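Q: Please find one structure pasted underneath; my questions will follow.
The values are calculated or read from the model by the stated rules, or taken from the named source; none is laboratory data. Quick caveat: nothing in here was measured; it's all calculated off a predicted structure. Quick reminder, even Gly has a Cβ in these numbers, built from the backbone with ideal geometry, and neighbours come from all protein chains shown.
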Amino acid sequence: MATLRATQFASGIISGTSAIDIYTVPSGHKAILKSLTVQEVSGSNTVVNVRLSAFGTWFGQALVAYPDDNSHRDLRLWVVLEPGQVLQLQRINAGQVTYTASGSLMTI
């Protein structure tokens, strides 16, 4: 029988324009990504690319410069990630974005 538990996968700050690995699904598990929160904190409009290692860029989320109300997005998702898949974030221009990714981890 599979065990399912709620968890915060990752949180932190991304800076610069390189794709950053924020979570790798451990072997023997599947992850259900349910929430991804991103907040622009450096005062520059940007787009944050959400990437999956097996797919590349999944989608881009536009963020307006902080402190505008549109500098924050709380995305509700339902995405199943397989063992070994890597969730990545990439900002398209210089600056900083905070993030939190959460969902459920299932033992398979």
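Q: Look through GLY84, GLY56 and report the one residue that is modelled with pLDDT of 95 or more and surrounded by fewer than 16 Cβ atoms within 10 Å (Cβ to Cβ). Walk me through it before giving the result.
A: On the way: GLY56 fails: modelled with pLDDT of 95 or more.
Answer to the check: GLY84.
Q: Please list, ordered by first then second residue, the pairs with beta carbon atoms under 7 Å, 6 or more apart or interchain, first in region 1-27 and closer than 19 Å to ILE108 by Cα, second β-branched (Val, Ile, Thr) and part of a loop (DSSP other than H, G, I, E, B).
A: Final answer for the pair search is ALA2/ILE108.
Q: Would you mind stating whether ASP21 is surrounded by fewer than 14 Cβ atoms within 10 Å (Cβ to Cβ), at pLDDT 95 or above and within 10 Å of the chain's Cα centre (by Cα)? Outline the logic, then answer.
A: Details: surrounded by fewer than 14 Cβ atoms within 10 Å (Cβ to Cβ): yes; at pLDDT 95 or above: yes; within 10 Å of the chain's Cα centre (by Cα): yes.
When the stated conditions are applied, ASP21 passes them.
Q: For residues that are among the small types (Gly, Ala, Ser) and touching a Phe, Trp or Tyr at 6+ places or on another chain (Cβ under 8 Å), scanning just region 30-53, find the one that is surrounded by the fewest Cβ atoms within 10 Å (Cβ to Cβ).
A: Residues of region 30-53 that are among the small types (Gly, Ala, Ser), as a first pass: 31, 35, 42-44, 53.
Then keep just the ones that are touching a Phe, Trp or Tyr at 6+ places or on another chain (Cβ under 8 Å); that gives 31, 42-43.
Details: ALA31: 23, SER42: 16, GLY43: 12.
Top of the filtered list is GLY43.
Q: Cβ-Cβ below 8 Å, separation at least six or inter-chain, first residue in region 81-106 and of a type in the set (D, E, K, R), second assigned to a loop (DSSP other than H, G, I, E, B) and surrounded by fewer than 18 Cβ atoms within 10 Å (Cβ to Cβ): which pairs?
A: What qualifies is GLU82/ALA54; ARG91/GLY16; ARG91/THR17.
Q: So, in region 1-53, of the ones that are of a type in the set (Gly, Ala, Ser) and part of a strand (DSSP E or B), which residue ends up nearest to ARG76 (Cα to Cα)? Please lay out each step first, then the result.
A: Here is the first cut: in region 1-53, the ones of a type in the set (Gly, Ala, Ser) are 2, 6, 10-12, 15-16, 18-19, 27-28, 31, 35, 42-44, 53.
Next cut, part of a strand (DSSP E or B) only: 6, 10-12, 15, 31, 35.
Values: ALA6: 15, ALA10: 16, SER11: 16, GLY12: 19, SER15: 23, ALA31: 15, SER35: 5 Å.
Here the answer is SER35.
Q: Mind listing whichever residues of region 59-70 are surrounded by 14 or more Cβ atoms within 10 Å (Cβ to Cβ) and touching a Gly at 6+ places or on another chain (Cβ under 9 Å)?
A: Across region 59-70, the qualifying residues are ALA65, TYR66.
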